Amino acid sequence: MKPKVAFFDFTGCEGCQLDVLNLDGEELIDLLSAVDIVNFREVKTEREDDYDIAFIEGSISRESEIPRLQKIREQAKVLVALGACACIGGINCLKNHLPMEEALKIVYGKDAKYYDTIPARPVDAVVSVDYYVRGCPPITAELLKVIKALLLGKEPDIPNHPVCVECKMAGNVCVFERGMTCLGPVTRAGCDAICVNSGRHCWGCRGLVDDPNIDSEKDILKKYGLTVEQAVEKFKIYNTYAEVTK
Amino acid sequence: MEENSVLVVDDEPIVRESIRDWLKDAGYQVATAESGEEALELIKKQDFNVMVLDIGLPGQAGIAVLKQVKAQRPWIKSIIMTAYPSAETTVEAKKLGAVHYLVRPIARDDLERLVRETLDSAGRERTVTTEVEIRPKPPVVEVVAVKKSLVITKEGLKSMVESLAKDMEIVGVKSRHGKYVYDRIASFEELHLDYDVAVTPPTKYLLPARETLLKFKIGDEPKVEPVIEAIPRAIIGIHPYDIKAIELLDDVFMTTNPDPNYIARRQNTIVIGVDCLNPSPKSFAPSMDTHLTETGFDLLLTNIGADYMVSVGSEKGADLLAKHAQLREPTGDEIAKQKAVRDGALAKYKLSLDIPKERLPKLLEESYDDPYWESRSESCLSCGSCVMVCPTCFCFDVKDNVSLNLKDGQRLRQWDGCVLIDFAKVATGENFRHDKASRLRHRIFRKGKYILERYGRFGCVGCGRCATACLAEIASPLEAFNAIVESVQAKEAAMRIFREVRPEIELYAPRLAELVKVEELTEREKVFEFSLKDGKALGHRPGQFVEVSVMGIGEAPVSVSSSPTRDGTFQLAVRKVGDVTNALHNLKKGAMVGIRGPFGNGFPLEALEGKDILFIAGGIGLVPMRSLVQYVLDRRSSFGRAILLFGARSPAERLFLDELAAWSKSPEIEFHETVDRGDESWMGNVGVITTLIPKVDIDPRKTMAVVVGPPIMYRFVIGQLKKRDLPDENIILSLERRMKCGVGKCGHCQINGVYVCQEGPVFTLAQLRNLREAV
Ligand SMILES: Cc1cc2nc3c(=O)[nH]c(=O)nc-3n(C[C@H](O)[C@H](O)[C@H](O)COP(=O)(O)OP(=O)(O)OC[C@H]3O[C@@H](n4cnc5c(N)ncnc54)[C@H](O)[C@@H]3O)c2cc1C
Ligand code: SF4
Ligand code: SF4
Ligand code: SF4
Ligand code: SF4
Ligand code: SF4
Ligand code: FES
């Protein structure tokens, strides 16, 4: 029996789902012969669907999303958080720094009264999560890694060391040596440091390692010319929910 | 025909038109069709390179359209789109030559990229890697003293490099972001020979960040095949300190347990060094004696102004000059000039050790408990930068990567490092270096002591890269060494540990073994009996271990639980704790696994002979112990008394019940056992294992105690044995550590300077007294 896989969309940009599909033909054939994808889009009645593995995309930022997520959790044998918003709250949590009414006004203007919104949070702040496919957007290879691990019955091996490891493996010149700053030293690797490889720096989209040395990272950001506020802003982009910005 | 014409076929006007606009903007000639029929009409009139086709079309079903296009215009490459993917249509489309299969919604960038790649792919060449043969007995790189110095002009050097480039890949130092990096060199002009230091070292061409060690197939016809890839390559412009680092790697990978992958690349690499005349401000190479070198290169250049001096370091270098270069003898002035530029460079180094490097090992030894390590490591990010940029670091991790079809896969090795948090974590959850301070200290000890003791060379060449890379500014071994200098006066010279040489070419390739019998021991443990497929006996000693592979899942070290005196098969008893062990538990009779080994030293049978033996086994420690107990019982007359003490946590966790029962009745062995907590059915002793020790009377002069159990048990058992006056030499322990390679390369199992997989896992307490991290 092929496991049935469903994708559910919460508050996010759907960029994560798009990424799922960025497979080459061969990979997609293999994927579809290993699992049945029963549902790709937002659906209304989760309970009637028949699925084993639920991929949750987006963060939880509306009251109404909570029961919906809980229902999915009840049905799914395995629940996977897909993408930065789902795994760590991600960019959506930026609004947590504003009072809620204000956030609503900024987003929805005069229609604000029709929406309920709560401080955004990652999926695991609401239900238990079995696996994480991190990143913004998430990396196809990592998604496949998780799926293969599920099929083989082993733990997916997701690194617990910082991006610097992969950045150095790629032979990059550290951005700190080029007048920029970077969250690589506290961010969980697994992306092969793509942002640094392509001339930018790490924003922390994969979340923090298990035991990050935040104090040291803040000291380094300061040493390289950021003010305390700027250093905190840097963490806020993706890692507001992890409360390192306090 | 236009070189970039694209046909877009989609019934939804919005999709069709936006794709048309995207591709037009990107510079393609685009035509559109809203149905399959229209598309087929169009391709008759006009030629296209690429078709982007929605297979959910009305009228002719998408797949049928694809079929017809394929028949009529086979050269058109098709990219298929759908909102409803299914395995059937994907397979079908693939058969019909569709090059990409996209699920909607589609991102503009992705589509553009795919169209571009599809157009490009026609002209693209396949990359070829040369298969190399490894010689059965790889020679250690021949050390030829520098025989000759010659002079080559800059023009001459350029044409030499250009001529070499026809035969092999050329790698050298290029500039990037105002720094220098090693990379492929396309033209001589890119090559820098006057750089200070490259951000990462050239050793990545000998030990790449990631490489495949094996290919395997899982299933009915399991297969394991070593993968060894190397291409002929010249690395030009390596500084002496990096050449010294390569010499260390040669010692590590080419002497004991020669590593076939490393050797293949090493033998295909030509090392062309260059003297470092503008040292990096962080370098302290002269203190490590690596700022110049007389060995380790094929050729070495010195910039003496107008021309280069070339020193010949090997036969290979001499041949290469003869084939590719024009040279002349140096004048007396030029020889003097070479010395002058080297002296000038030496004067530019700003940093140095405060003591001769020979005093480092002793100095470090005496500072093991220094509070310095704690305070120094406070700001450590465990980011790994220091080890990733280090030319002398070589630790690695090994993992399996299975294809999505779950039928084949590869075993990969990837750089790892002792400063990373999970490096020394084992199955029981214990992390032998869980705090930053002990990891930082371990790395510095490697650099100044352990590697030296093992290989006779320092594990640091003073390049200063780690000091530059460390954002917390704490990685420099020089600063660490100098900081602890005061506390110490030292004298000793390096001592090498000598080991037996056991050359093994298929170092990482397991032998296949068939599972001939499985038996459940407890809820968590099973015993597995294997027979090697080649029909041979394993050839192990009691106390040795094997690396057992479930292909696709990974490899785990497991002690052999049966004695070599029994049958041609061997037994492993395994507790379910994680990936590999779970997978083993799921195997059925007849399944194939991979076996490497036996590894490690095993119990010291010679020292046990004629002695009374007190076996003390806690929990799963009975597994390795059983191989020795069986051995002693099978060779009963060679030993004195045999006393076995066994402790389990509860009656349900007792292993090998039949054997326990047999031993308790046997006159050949005195058997006592206990459980920590009893239950209704349990009639025997209750209490921890140490409570059994006072119950037996032993003669400390002729008793050897063999102790195997969880780490916590050792401390207490040792205490009890010391009360019975047993000398440290008579207490034998088997240790568990995180292991990957089993052959003394990957670094995971290291306790201070010792590799448990090589010198262990069995040690006497006397040996362990010197290993601070051990118990
Ligand atoms: C010399 C030696 C002999 C051993 N003999 C036996 C035996 O006879 N029977 C037995 O049941 N077990 C034995 N072990 C322990 C066994 O190797 C581990 O339980 C096994 O490696 C766990 O692998 P896994 O894939 O099942 O777990 P994983 O899923 O990889 O990990 C589970 C946990 O194990 C740790 N771990 C991962 N790899 C290793 C490793 N190579 N060594 C130690 N811990 C690791 C991880 O950090 C993690 O905490 C022995 C270990 C050593 C070093
Ligand atoms: S660029 Fe960022 S990720 Fe790379 S080494 Fe520097 S700090 Fe680490
Ligand atoms: S480099 Fe940083 S921001 Fe970029 S993908 Fe990796 S974790 Fe995310
Ligand atoms: S010593 Fe420096 S480079 Fe090394 S892990 Fe610690 S912070 Fe990173
Ligand atoms: S430890 Fe640092 S200075 Fe020493 S060789 Fe490695 S990178 Fe260079
Ligand atoms: S153990 Fe040694 S070789 Fe391995 S990473 Fe640490 S310092 Fe480098
Ligand atoms: S060095 Fe790899 S297991 Fe010992």
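The values are calculated or read from the model by the stated rules, or taken from the named source; none is laboratory data. Computed from a predicted structure; not experimentally measured. As a convention, Cβ positions derive from the backbone with ideal geometry for all residues, glycine included, and neighbour counts pool all protein chains shown. When the accessible area is computed, the model is the full protein with side chains, heavy atoms only, and any ligands, DNA or RNA have been set aside. Shrake-Rupley method; radii C 1.70, N 1.55, O 1.52, S 1.80 Å.
Things worth noting here:
- Scanning region B:383-422 for residues that are more than 12 Å from ligand 6 (Cβ to nearest atom) and more than 23 Å from B:Glu225 (Cα to Cα) yields B:Cys383, B:Ile421, B:Asp422.
- Restricted to region A:188-244, and to residues there that are near ligand 3 (Cβ under 8 Å from one of its atoms) and assigned to a helix (DSSP H, G or I), the residue that is surrounded by the most Cβ atoms within 10 Å (Cβ to Cβ) is A:Tyr238.
- The set of residues in region B:695-751 that are in contact with a Cys (Cβ under 8 Å, 6 or more places away or on another chain) and hydrophobic (A, V, I, L, M, F, W, C) comprises B:Met739, B:Cys741, B:Val743, B:Cys746, B:Cys749.
- Checking each residue in region A:148-178 for being over 18 Å from B:Gly554 (Cβ atoms), touching a residue at least 24 places away in the same chain (Cβ under 8 Å) and more than 16 Å from ligand 6 (Cβ to nearest atom) picks out A:Val163, A:Cys167, A:Ala170, A:Asn172, A:Val175, A:Phe176.
- Some residue of region B:425-433 being within 12 Å of chain A (Cβ to nearest Cβ), touching a Leu at 6+ places or on another chain (Cβ under 6 Å) and within 16 Å of ligand 1 (Cβ to nearest atom): no
- All positions within region A:154-181 that are open to solvent by less than 10 Å² (accessible area, probe 1.4 Å), hydrophobic (A, V, I, L, M, F, W, C) and within 12 Å of ligand 3 (Cβ to nearest atom): A:Val163, A:Val165, A:Val175
- Checking the stated criteria, A:Arg206 turns out not to satisfy the condition of being of a type in the set (D, E, K, R), within 9 Å of chain B (Cβ to nearest Cβ) and more than 14 Å from ligand 4 (Cβ to nearest atom).
- Among the candidates B:Gln720, B:Gln767, residue that is part of a helix (DSSP H, G or I), under 30 Å from B:Cys418 (Cα atoms) and of a type outside the set (Phe, Trp, Tyr): B:Gln767
Listed here are the residues, each with its yes/no results for (1) buried (at least 22 other Cβ atoms within 10 Å of the Cβ); (2) under 26 Å from B:Tyr180 (Cα atoms); (3) among the hydrophobic types (A, V, I, L, M, F, W, C); (4) in the same structural domain as B:Ser159 (by TED's automatic domain parsing).
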{"residue": "B:Asp275", "(1), (2), (3), (4)": "yes, yes, no, yes"}
{"residue": "B:Pro279", "(1), (2), (3), (4)": "yes, yes, no, yes"}
{"residue": "B:Phe284", "(1), (2), (3), (4)": "yes, yes, yes, yes"}
{"residue": "B:Thr302", "(1), (2), (3), (4)": "yes, yes, no, yes"}
{"residue": "B:Ala306", "(1), (2), (3), (4)": "no, yes, yes, yes"}
{"residue": "B:Val310", "(1), (2), (3), (4)": "yes, yes, yes, yes"}
{"residue": "B:Gly313", "(1), (2), (3), (4)": "yes, yes, no, yes"}
{"residue": "B:Leu320", "(1), (2), (3), (4)": "no, no, yes, yes"}
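- Of all residues in region B:700-713, those satisfying the criterion of being touching a strand residue (DSSP E or B) at 6+ places or on another chain (Cβ under 7 Å) and at pLDDT below 90 are B:Pro710, B:Met713.
- Test: residue in region B:258-276 that is over 20 Å from B:Lys154 (Cα atoms), of a type in the set (S, T, N, Q) and part of a strand (DSSP E or B): yes
- Among the residues here, B:Val341 qualifies as in a helix (DSSP H, G or I), more than 16 Å from ligand 7 (Cβ to nearest atom), of a type in the set (Val, Ile, Thr) and at negative phi.
- The residues on offer are B:Ser476, B:Ser487, and the sole one that is of a type in the set (Ser, Thr, Tyr) and either within 23 Å of the chain's Cα centre (by Cα) or modelled with pLDDT under 90 (or both) is B:Ser487.
- Boolean, A:Ala120 is small (Gly, Ala, Ser), within 28 Å of A:Lys71 (Cβ to Cβ) and either out of contact with any helix residue (DSSP H, G or I) (no Cβ under 8 Å at 6 or more places or on another chain) or crowded, with 16+ Cβ neighbours inside 10 Å (or both): yes
- With respect to the conditions (1) in contact (Cβ under 8 Å) with a residue 24 or more places away in the chain; (2) surrounded by fewer than 23 Cβ atoms within 10 Å (Cβ to Cβ), B:Asp416 lacks only one, and its number is (2).
- Counting only strands (runs of 3 or more DSSP E) that fall entirely inside region B:1-118 and contain at least 1 residues that are over 45 Å from the mean Cα position of the chain (by Cα) and within 14 Å of another protein chain (Cβ to nearest Cβ), the qualifying elements are B:50-54.
- Tabulated pairs, region B:670-688, first in the same structural domain as B:Gly719 (by TED's automatic domain parsing) and modelled with pLDDT of 90 or more, second hydrophobic (A, V, I, L, M, F, W, C) and assigned to a loop (DSSP other than H, G, I, E, B), C-beta under 8 angstrom, 6+ apart or interchain: B:Glu670/B:Val696; B:His672/B:Val696; B:Thr674/B:Val688; B:Val675/B:Trp682; B:Asp676/B:Val688
- The set of residues in region B:324-341 that are charged (D, E, K, R), touching a residue at least 24 places away in the same chain (Cβ under 8 Å) and surrounded by fewer than 18 Cβ atoms within 10 Å (Cβ to Cβ) comprises B:Arg328, B:Glu329.
- When the residues of region B:342-374 are filtered to those that are open to solvent by 80 Å² or more (accessible area, probe 1.4 Å) and not basic (Lys, Arg), the one that is nearest to B:Leu277 (Cα to Cα) is B:Ala347.
- The lone exception for B:Ser403 - which of (1) of a type in the set (Gly, Ala, Ser); (2) away from ligand 5 (no atom under 16 Å from the Cβ); (3) in the same structural domain as B:Arg454 (by TED's automatic domain parsing); (4) touching a helix residue (DSSP H, G or I) at 6+ places or on another chain (Cβ under 6 Å) it fails: (4)
- Meeting the requirement of 2 or more residues that are over 30 Å from B:Gly552 (Cβ atoms), aliphatic (A, V, I, L, M) and in the same structural domain as B:Asp416 (by TED's automatic domain parsing), no strands (runs of 3 or more DSSP E) wholly within region B:145-236 can be named.
- Listing of strands (runs of 3 or more DSSP E) fully contained in region A:1-72 that carry 3 or more residues being modelled with pLDDT under 75 and within 13 Å of chain B (Cβ to nearest Cβ): none
- Among the residues of region B:265-289, the ones that are more than 24 Å from the chain's Cα centre (by Cα), more than 16 Å from B:Leu248 (Cβ to Cβ) and not hydroxyl-bearing (Ser, Thr, Tyr) come to 11 in all.
- Against the conditions (1) open to solvent by less than 40 Å² (accessible area, probe 1.4 Å); (2) out of contact with any Leu (no Cβ under 6 Å at 6 or more places or on another chain); (3) within 11 Å of ligand 4 (Cβ to nearest atom), B:Ser377 satisfies every one except (2).
- Among the residues of region A:133-153, those that are open to solvent by less than 20 Å² (accessible area, probe 1.4 Å) and at the interface with chain B (Cβ under 10 Å from one of its Cβ atoms) comprise A:Leu144, A:Ile147, A:Ala149.
- One residue from B:Gly709, B:Gly747, B:Gly753, B:Gly760 being within 16 Å of ligand 5 (Cβ to nearest atom) and open to solvent by less than 40 Å² (accessible area, probe 1.4 Å): B:Gly747
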